[in-house]
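Read through the structure below, which is laid out as structure tokens, and then see the notes.
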Amino acid sequence: MTKRIIVVGAGFAGLMSALAAKRLISMSLEDSPEPAEEIEVAVIAPEAMLVVRPRLYEENVADMSAPLAELFKVTGIRFVQGSVECIDVENQLVISADVAGLRSTLSYDRLVLAAGSDNLCPANVPGLSEHTFAIDHIQNAVRLEEHLKNLPSVPASPGRNTVVVCGGGYTGLELAAELPGRLAKIPGFGKETRVIVIERADTVGPDLPASMRPIVLETLERLGVEVKLGTAVTSIDATGITTNAGERIKTMTPIWTAGTVAAPLTQQIPGTKDWFGRLLVDAHLRCPGAQAIYAAGDTACARTDEGDSPDAVKSTAQYTKMSCQHAMPMGRYAGHNAAADLLGLPALRYSQVMLGTILDLGRDDAIFAAGAGDEAVVALEGAAAKPLKRWINETLIYPPPADDLAGALAAGDPVNRTVVPAGLGC
């Protein structure tokens, strides 16, 4: 009887989970002198496409995706097109619906939840859902780009010429630093454009290493980006935003980047969640409340240090962040361990080999800090960091080529070490 591993999601974590599981299954077949029980690896996602989400702050966002159909075919991974609506934990079933709304049910022996995340949109900010733009998904990023290109057709006004980025975290900062250059390329815009970042914390990039923040502020100032710290958006309408200080900023382009929350499917899995809605997983990325389920990427909260994952997040420990830096290795470990569980092989303890933060800061600059948390030290900045950021964005995070089966399966190796090409400065 065929067993099945279902991977929910075809993002960075989902893709690596499927490749890792298929890799271990293939290796076990090669090593076994007797026929092994067949194990199918299936990916359920709306499209056989990897959206390169870390690049959605750039221009030409419609091209920020990579096809996966041929890669799935070559590696023997079954693709099921659909959106998962229900995970029946007790009966180990997944119910999904295709684009036409037709529902189907698949059973699983092991499941990897890698459904990603969405923008956190607080209900207490009137007008947020009706009047803001976002770049959390490719459709939203395309909508924003089309809006920016169409702005010159509107009569010039302070509202037309002002873009407000609501949220000064990682995504908001990369977008804000990119916007002056993007707006300058649009015919019909002059030098009167204005980019503003609003951050409710008293520091820019509250989740960034402390060593990066002064350099980020200096770069934004040089780019002409205004930063309002200790400021929260209290309401949004068709002509502008209002802040907690009572300030009214006229804008036709409020962009919401203030927070991220794990995909709602995490709420269907029993177990402790963190403040992002992520499932707290053990050292093997298994969900303690559902032993047949593993989680990876933005749906999972895992320790990156040597301690076992706790029942509640401890401030002294280091945890994964919602980024492809963690999603890709987490996917490899989760997929490997899901397959190992079915094959009767030992699980591998999740380990994050490299920890660092790299931030794009417009056309010419970037900044890279090596290490975790506030202990991270800036290793590269300005033009010196740009080649590294470009290599990550344009090469490292893309899927392996479909014409190399061995290379594609090797990409799922959980102990695979990333080697930075010579000349990139680290």
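Quick look at the values:
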item: Among the residues listed as Gly224, Gly230, Gly246, Gly259, the single one being in contact with a Gly (Cβ under 8 Å, 6 or more places away or on another chain) and on the phi > 0 side of the Ramachandran plot; result: Gly259
item: Number of positions in the stretch 349-391 that are under 22 Å from Thr304 (Cβ atoms), assigned to a loop (DSSP other than H, G, I, E, B), hydrophobic (A, V, I, L, M, F, W, C) and open to solvent by 60 Å² or more (accessible area, probe 1.4 Å); result: 2
item: Residues of the stretch 287-298 that turn out to be out of contact with any Leu (no Cβ under 7 Å at 6 or more places or on another chain) and buried (at least 24 other Cβ atoms within 10 Å of the Cβ), as a count; result: 2
item: Any hit, the stretch 190-202, residues being closer than 28 Å to Cys324 by Cβ, of a type in the set (A, V, I, L, M) and surrounded by fewer than 19 Cβ atoms within 10 Å (Cβ to Cβ); result: yes
item: Strands (runs of 3 or more DSSP E) lying entirely in the stretch 1-112 (those with 1 or more residues that are free of Cβ contacts under 8 Å to residues at least 60 places away in the same chain); result: 39-45, 49-51, 65-67, 78-81, 83-88, 93-97, 103-107
item: The lone exception for Ser107 - which of (1) open to solvent by less than 20 Å² (accessible area, probe 1.4 Å); (2) touching a Lys or Arg at 6+ places or on another chain (Cβ under 8 Å) it fails; result: (1)
item: In the stretch 50-73, the residues that are of a type in the set (A, V, I, L, M) and either farther than 20 Å from Ala410 by Cα or open to solvent by less than 60 Å² (accessible area, probe 1.4 Å) (or both); result: Leu50, Val51, Val52, Leu56, Val61, Ala62, Met64, Ala66, Leu68, Leu71
item: Criterion violated by Thr316 - all others in (1) among the β-branched types (Val, Ile, Thr); (2) at pLDDT below 90; (3) crowded, with 16+ Cβ neighbours inside 10 Å satisfied; result: (3)
item: Residues of the stretch 111-164 classified as touching a Phe, Trp or Tyr at 6+ places or on another chain (Cβ under 7 Å), open to solvent by 20 Å² or more (accessible area, probe 1.4 Å) and closer than 21 Å to Gln267 by Cα, total; result: 2
item: Spans of strands (runs of 3 or more DSSP E) in the stretch 208-290 with at least 1 residues in contact with a Phe, Trp or Tyr (Cβ under 8 Å, 6 or more places away or on another chain) and among the hydrophobic types (A, V, I, L, M, F, W, C); result: 253-256, 260-262
item: Residue that is least open to solvent (accessible area, probe 1.4 Å) [pool: residues in the stretch 74-101 that are more than 25 Å from the chain's Cα centre (by Cα) and modelled with pLDDT under 95]; result: Gly101
item: Verdict on Glu174 being closer than 24 Å to Asp374 by Cβ, open to solvent by less than 30 Å² (accessible area, probe 1.4 Å) and part of a helix (DSSP H, G or I); result: yes
item: Residues (outside any loop (DSSP other than H, G, I, E, B), under 22 Å from Cys324 (Cβ atoms) and modelled with pLDDT under 95) located in the stretch 118-158; result: Asp118, Asn119
item: Residue match in the stretch 303-310 (condition: within 26 Å of Val52 (Cα to Cα), outside any loop (DSSP other than H, G, I, E, B) and at pLDDT 95 or above); result: no
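Quick grid of which residues meet (1) farther than 30 Å from Ala13 by Cα; (2) among the acidic types (Asp, Glu); (3) open to solvent by 10 Å² or more (accessible area, probe 1.4 Å):
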site	(1), (2), (3)
Glu218	yes, yes, yes
Val233	yes, no, yes
Thr242	yes, no, yes
Thr253	yes, no, no
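The values are calculated or read from the model by the stated rules, or taken from the named source; none is laboratory data. If you're wondering where the values come from, they're calculated on a predicted model, not measured in any experiment. As a convention, Cβ positions derive from the backbone with ideal geometry for all residues, glycine included, and neighbour counts pool all protein chains shown. Heads up: the accessible areas ignore ligands, DNA and RNA and are worked out on the full protein's heavy atoms, side chains in. Shrake-Rupley method; radii C 1.70, N 1.55, O 1.52, S 1.80 Å.
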